[in-house]
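Down below is the structure, laid out as structure tokens.
The values are calculated or read from the model by the stated rules, or taken from the named source; none is laboratory data. Remember, predicted model here, so these are calculated numbers, not experimental data. When we count neighbours, we look across all protein chains shown, and the Cβ atoms used for this are built from the backbone with ideal geometry, even at glycine.
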Amino acid sequence: MIEVKGLKKSIRNGTRTVEILRGIDLTIPKGQFAAIMGASGSGKSTLLGLLAGLDSPSEGEVILDGVAISRLEEDKLAELRGSRIGFVFQSYQLIPTLTALENVMLPHELNARGDARKKAETLLAAVGLQDRLHHYPVQLSGGEQQRVALARAFVLEPPIVLADEPTGNLDSANGQHVLELLGERQRESATTLVLVTHDAQIAGRADRRIQLRDGLVVADDLRANTQAEAVATESSR
């Protein structure tokens, strides 16, 4: 589902070149929950941005669901992001002038046909917000806003969901709740989930833990009996 080949990213800082990613090779199969870990400055957020097509690599290639995205024209890239990738951000990124329901419906209305309202209502009920459909973000707690963002990420049933420190702005109780809901959504839809975190406890929920340091993969641990293995087994039948 996700292939990364020889990925490098560097930036110019005056006369100096700063290497952020120094050669990453990864394959993340369908249905896997992979956590990318690392300290600040390790390159994990840069890697996630490249996977999302929000930035271009200096060298190498990113292939999502069979499509090489690194050299796509912006309109094609935007179309791919809209239809194949869901996002969960640390800072929620909800539109303040839209209700919870409207925020979840929006990606569907922009990128698909069919009954966006029914799907959005079902997802909001699944994350426990059936009584908050018509509330605006300012009327919701941080945990509730992140649950709206989670529902929005899955409304198009994307094959890939990318999450950037999704519990970073939440207290421990709300953070645990959001992680549980994210895991439930991922398992039920067999979505490939890539989550960036610096928290080993959060990463411990994943099928796979990928550790970055100084722009390189220094550890890659796969847990037995993962969702990806179940998907592969089912596909082979």
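For every residue, the table says whether it meets (1) without any contact (Cβ under 8 Å) to a residue 40 or more places away in the chain; (2) in contact with a helix residue (DSSP H, G or I) (Cβ under 7 Å, 6 or more places away or on another chain).
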residue: Thr17; (1), (2): yes, no
residue: Leu26; (1), (2): no, no
residue: Pro29; (1), (2): no, yes
residue: Ala39; (1), (2): no, no
residue: Ser42; (1), (2): no, no
residue: Gly49; (1), (2): yes, no
residue: Gly53; (1), (2): yes, yes
residue: Pro57; (1), (2): no, yes
Tell me the strands (runs of 3 or more DSSP E) entirely within segment 145-231 that contain at least 1 residues that are of a type in the set (A, V, I, L, M) and without any contact (Cβ under 8 Å) to a residue 24 or more places away in the chain.
-> 216-222
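Residue-by-condition table, conditions (1) closer than 26 Å to Gly23 by Cβ; (2) surrounded by fewer than 18 Cβ atoms within 10 Å (Cβ to Cβ); (3) at pLDDT below 90:
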{"residue": "Val148", "(1), (2), (3)": "no, no, no"}
{"residue": "Leu162", "(1), (2), (3)": "yes, no, no"}
{"residue": "Gly168", "(1), (2), (3)": "no, yes, yes"}
{"residue": "Glu184", "(1), (2), (3)": "no, yes, no"}
{"residue": "His198", "(1), (2), (3)": "yes, yes, yes"}
{"residue": "Ala219", "(1), (2), (3)": "yes, yes, no"}
{"residue": "Thr233", "(1), (2), (3)": "no, yes, yes"}
Which of the residues that make up segment 95-116 are in contact (Cβ under 8 Å) with a residue 24 or more places away in the chain, assigned to a helix (DSSP H, G or I) and not β-branched (Val, Ile, Thr)?
-> Ala100, Leu101, Asn103, Met105, Leu106, Pro107, His108, Leu110, Asn111, Ala116
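Is there a residue being charged (D, E, K, R), in contact with a helix residue (DSSP H, G or I) (Cβ under 8 Å, 6 or more places away or on another chain) and within 20 Å of Gly38 (Cα to Cα) anywhere in segment 190-207?
Step one: filter segment 190-207 for residues charged (D, E, K, R), giving 199, 205, 207.
Subsequent filtering for residues that are in contact with a helix residue (DSSP H, G or I) (Cβ under 8 Å, 6 or more places away or on another chain) retains 205, 207.
If we keep only those that are within 20 Å of Gly38 (Cα to Cα) too, we end up with 205, 207.
Yes, segment 190-207 has at least one match.
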Strands (runs of 3 or more DSSP E) (entirely within segment 1-91) containing at least 3 residues that are surrounded by fewer than 15 Cβ atoms within 10 Å (Cβ to Cβ) | 2-13, 16-28
Does segment 117-136 hold any residues that are outside any loop (DSSP other than H, G, I, E, B) and surrounded by fewer than 19 Cβ atoms within 10 Å (Cβ to Cβ), and which are they?
-> Arg117, Lys118, Glu121, Thr122, Ala125, Ala126
